[in-house]
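Report on the following structure.
Each value in this text was obtained by applying a stated rule to the coordinates, not by laboratory testing. Just so it is clear, the structure is predicted and the values come from calculations on it, not from any experiment. Note that we place each Cβ from the backbone using ideal geometry, even for glycine, and neighbour counts take in every protein chain shown.
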Amino acid sequence: MNDHQMTPNREHDMTDTATTTPFTEPGTWVLEPKGRKAIVLRKGQTMTITDLEGQQVMDFIASMVDDPVERLSAMFTRVSNGMWDLKEGYTIYSDKCRPMFKVVADDNGIHNMTGGYCSKYSNSIRYGVEETWGCLDNLVGDWQELGLDETAINPDQCISLFMNIHHHADGRMEIVEPTTKPGDKIVLEALDDVYVGLSNCPEEHNPCNAFHVTPMEVTVA
Ligand SMILES: [Zn+2]
């Protein structure tokens with residue numbers, strides 16, 4: 001796996017596999033509301049997620065390039081940092097406790113670290129609506145684009161950037177509106193070669209995105 005090829009503009013090439021890693025060229029992209037993007041970062045690169053208009057959530061999943069079944073783990077990240085939350089200076093770990101990302105800057109400091117993503121299944125049971133487009137659909141699209149096994153995506157693999165959940169003392173969990181202001185960003189440094197799936201959260205049935213989904217920006221540098 002040491003002969004990684006630089007293959008720009010191949011993100012939509014369905015023949016890409018883990019053996020011909022399609023590392024993403026540095027650049028900036030705007031994800032339209034409910035949009036997605038698949039990215040492959042080299043160790044040392046940074047990924048900046050900017051909430052262009054404020055109060056928008058970006059769900060992201062990740063796996064190791066050298067072993068895609070080794071995934072980002074929200075649970076092991078909490079345990080390894082000894083923190084319920086994700087803050088500047090903290091590390092995001094895999095399910096084998098290898099470091100995957102470091103949070104090098106964070107304007108907002110509020111992220112959902114409980115895992116999970118919105119889906120037609122959760123919207124059906126929670127809100128009685130059927131066949132809605134959710135983060136799971138976007139993340140499946142990202143993994144298919146990267147040639148990875150989308151059936152292996154699991155909720156513990158997901159961190160919801162800027163998602164604001166209040167954990168009440170009586171045990172209630174309440175989704176409230178994000179506190180991000182226009183232009184707030186988080187910068188993650190890849191500590192290994194990693195696959196990343198991004199979903200600009202489509203959820204409109206709860207305050208997750210303040211009932212108004214908006215564009216997000218991602219920069220790879
Ligand atoms: Zn979502």
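Overview of values
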item	result
Per-pair calculated FRET efficiency, R0 = 30 Å: D85 and W133 via Cβ, rounded to 0.05	0.60
Radius of gyration and Dmax over the Cα atoms of the range 49-101, both given in Å	12.4, 36
Descending principal axes extents, the chain, alpha-carbon based, whole Å	52, 37, 31
Global geometry of the range 20-91, whether rounded, prolate or oblate, following the gyration tensor of its Cα atoms and the 1.5 cut on a/c	oblate
Distance between modelled label sites at T48 and V176, nm, 7 Å Cα→Cβ extension	2.9 nm
Those aspartates and glutamates that a straight Cα-Cα span of less than 17 Å connects to K185, excepting residues fewer than 8 apart in one chain	E32, D51, E53, D59, D85, E88, D106, D107, E177, E217
Under 18 Å from the Cα of K120 - lysines, other chains or at least 8 residues apart	K34
